[in-house]
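What follows is a set of notes on a single structure, which appears directly below.
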Amino acid sequence: MAKDVVFDLIKNEKKRQAEGLELIPSENYVSKDVLEAMGSVLTNKYSEGYPSFEGVGTWKEEQIADEILPNYRYYGGQDNIDRIERLAIDRACKLFHADHANVQPHSGANANEAVYFAWCEPGDKILAMNLGHGGHLTHGSPVTRSAKIYNFIAYGTDETGDIDYAELEKLALAEKPKIILIGYSAFMKIPDFKRVAKIAKEIPGCLLMADMAHVAGLIAGGVHPNPLDFGFNVMTTTTHKTLRGPRGGLILSNGNIASPLKKPEKTIENIPILIDRAVFPGTQGGPLEHIIAAKAVAFGEALKPEFKTYAKNIVKNAKALADGLMEEGFVLQGGGTENHLVLVNVEKSFGIDGKFFEKALDMVGLTLNANAVPGDKGGAFRPSGVRLGTPAITTRGMGVKEMKQIAAWMKRVLNICLGVGKEELLDNAKDELDQIRQEVKDLSLSFPV
């Protein structure tokens, strides 16, 4: 019997990834072990509920792998599942200096919604970064479900590209939000967590939350500060991006740990228990245990010394890429980067929109995404900027030399865009684009995925 055509398309995607460069900062390449765990028989098992949390964060791994404890599940046959999930929880706690970890969220969006649900009532105020200034959809965009339930108030960035802390403090003291959220999807600075924590102390019952989906791998690698070390109560993240695990979510928290079956008093100290109840049964059903196993594998990889080298190289490469782009005449939001991500204002640089540039770069095998910049008038589908980063190309072993080459290719493609004038005329420059495409392919194949 012939294989489903789906497998042909998977093969095509594998070829595309091998022959091009993934510059989207939220993408990465997972290890073979992570892939193997994701494709395992664990996908067959229903496991609503939780394993026991006894000893998590203090036991040696062989104890977790061997010990069978009572659990808080609604189905039988959980001995192996429990131990895998406990390993994932234990490794996440060690990696991020947290009291507790919920490894069940299916995505970063699910993780954020669970925290809101755990701590807020409908109509409560949440102070978060403006989407147009680099925030995330789940931080109050009106198109999302959470924005229809909670009252989001937005702070922005200043002319340097950093958080406008004076505005944040003024809004926080005036509005007295239930949550102050530091998080972003297009922000190149390192937040002043200490300053924000000091502001939150002035507001009774205010939960400090950090969405570190983009930089969790940098935190794990020790090249970015950890908000939990500065008094933040909760940190959410995805498990892919810089953390280089499977696509999924994670919630880390500090406070009391206990059975999620009994409803606790609603205090900040009980936020780990409140979050567990908010994930299941509050906002999700059965956990994806094959993905949780892959998370456990990825957390184990991130605990190894070589991951610290990887995290350092992500930042080193991002700075080199930013410098190379500025040398080529590109204007960067914030004047550069302090993390893995670069935001280029191509409208301000050369008078073209980000979507035009994204399409042209895609034709040569350089994959990134069009992205708005602060004050953008272009809208979601014709923004003024493009967003790119270095997690995936660093995984492939590329360094400073390759960053300079990528910047040079981007300028050559930009010149082609200026030459044809319109996106629909790019085919007129096919020979020039094909030449660059071959150069990108040759470099890509010399750094195998």
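The values are calculated or read from the model by the stated rules, or taken from the named source; none is laboratory data. What you are looking at is a predicted structure, and each value in this text was computed from that prediction instead of being measured. As a convention, Cβ positions derive from the backbone with ideal geometry for all residues, glycine included, and neighbour counts pool all protein chains shown.
Please determine whether any residue of the range 223-243 is at pLDDT 95 or above, in contact with a Cys (Cβ under 9 Å, 6 or more places away or on another chain) and not basic (Lys, Arg). Spell out how you get there, then give the answer.
Just the residues of the range 223-243 that are at pLDDT 95 or above, to begin with: 223-243.
Add one more test, that the residue is in contact with a Cys (Cβ under 9 Å, 6 or more places away or on another chain), and what stays is none.
Checked the range 223-243: no residue is at pLDDT 95 or above, in contact with a Cys (Cβ under 9 Å, 6 or more places away or on another chain) and not basic (Lys, Arg).
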Residue identified as crowded, with 22+ Cβ neighbours inside 10 Å and either at pLDDT 95 or above or not hydroxyl-bearing (Ser, Thr, Tyr) (or both) among Leu303, Leu343: Leu343
For the range 137-158, enumerate the residues that are in a helix (DSSP H, G or I) and without any contact (Cβ under 8 Å) to a residue 24 or more places away in the chain. Ala147, Lys148
Restricted to the range 62-72, and to residues that are out of contact with any strand residue (DSSP E or B) (no Cβ under 6 Å at 6 or more places or on another chain) and buried (at least 16 other Cβ atoms within 10 Å of the Cβ), which residue is modelled with the highest pLDDT? Asn71
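I want to confirm something. Restricting to the range 110-150 and keeping residues that are hydrophobic (A, V, I, L, M, F, W, C) and closer than 21 Å to Phe381 by Cβ, which single residue is surrounded by the most Cβ atoms within 10 Å (Cβ to Cβ)?
Restricting attention to the range 110-150, the residues satisfying the condition of being hydrophobic (A, V, I, L, M, F, W, C) are 111, 114-115, 117-120, 126-129, 131, 137, 143, 147, 149.
Checking the rest, the ones that are also closer than 21 Å to Phe381 by Cβ come to 131, 137, 143, 147.
Values: Leu131: 23, Leu137: 15, Val143: 9, Ala147: 16.
The residue in question is Leu131.
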List every residue pair whose Cβ atoms sit under 6 Å apart, with the two residues 6 or more apart in sequence or on different chains, where the first one lies in the range 304-316 and is closer than 12 Å to Arg244 by Cβ and the second, anywhere, is of a type in the set (A, V, I, L, M, F, W, C) and buried (at least 20 other Cβ atoms within 10 Å of the Cβ). Ala311/Leu218; Ala311/Val223
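Would you call Glu13 of a type outside the set (Val, Ile, Thr) and either touching a residue at least 60 places away in the same chain (Cβ under 8 Å) or at positive phi (or both)?
Numbers: of a type outside the set (Val, Ile, Thr): yes; either touching a residue at least 60 places away in the same chain (Cβ under 8 Å) or at positive phi (or both): no.
Criteria not met by Glu13.
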Write out, first by first residue and then by second, each pair whose Cβ atoms fall under 7 Å of each other, whose residues are 6+ apart or on separate chains, and whose first residue, in the range 167-185, is in the same structural domain as Glu202 (by TED's automatic domain parsing) while the second is hydroxyl-bearing (Ser, Thr, Tyr) and not in a helix (DSSP H, G or I). Glu167/Tyr155; Leu168/Tyr155; Leu171/Tyr155
Given the residues Phe447, Phe381, which is the only one that is modelled with pLDDT under 95, under 27 Å from the mean Cα position of the chain (by Cα), within 30 Å of Ala216 (Cβ to Cβ) and among the aromatic types (Phe, Trp, Tyr)? Phe381
Can you find, within the range 257-284, the residue that is farthest from Leu207 (Cα to Cα) among those that are exposed (fewer than 14 other Cβ atoms within 10 Å of the Cβ) and at pLDDT 95 or above? Pro281
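Yes/no matrix, rows are residues, columns are (1) surrounded by fewer than 21 Cβ atoms within 10 Å (Cβ to Cβ); (2) of a type in the set (S, T, N, Q):
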{"residue": "Ala380", "(1), (2)": "yes, no"}
{"residue": "Val400", "(1), (2)": "yes, no"}
{"residue": "Ile406", "(1), (2)": "no, no"}
{"residue": "Arg412", "(1), (2)": "yes, no"}
{"residue": "Asn415", "(1), (2)": "yes, yes"}
{"residue": "Glu424", "(1), (2)": "yes, no"}
{"residue": "Asp427", "(1), (2)": "yes, no"}
For the range 344-403, which helices (runs of 4 or more DSSP H) that fit wholly inside it have 3 or more residues that are touching a helix residue (DSSP H, G or I) at 6+ places or on another chain (Cβ under 8 Å) and of a type in the set (A, V, I, L, M)? 354-363
Here are some residues: Asn226, Asn254. Which one is surrounded by fewer than 24 Cβ atoms within 10 Å (Cβ to Cβ) and closer than 23 Å to Lys304 by Cβ? Asn226
Is there a residue being at pLDDT 95 or above, in contact with a helix residue (DSSP H, G or I) (Cβ under 7 Å, 6 or more places away or on another chain), closer than 26 Å to Gly285 by Cβ and assigned by TED's automatic domain parsing to the domain that holds Pro246 anywhere in the range 129-140? no
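Which ones in the range 32-44 are surrounded by fewer than 17 Cβ atoms within 10 Å (Cβ to Cβ) and either charged (D, E, K, R) or farther than 9 Å from His290 by Cα (or both)?
Residues satisfying the conditions are Lys32, Asp33, Leu35, Glu36.
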Scan the range 3-31 residue by residue and report those that are under 27 Å from the mean Cα position of the chain (by Cα) and either part of a loop (DSSP other than H, G, I, E, B) or assigned by TED's automatic domain parsing to the domain that holds Ile273 (or both). Gly20, Leu23, Ile24, Pro25, Ser26, Glu27, Asn28, Tyr29, Val30, Ser31
Report, by residue number, each residue of the range 264-286 that is of a type in the set (Asp, Glu) and farther than 14 Å from Asn102 by Cα. Glu265, Glu269
Residues in the range 37-76 that are in contact (Cβ under 8 Å) with a residue 24 or more places away in the chain and either charged (D, E, K, R) or not in a helix (DSSP H, G or I) (or both) total 19
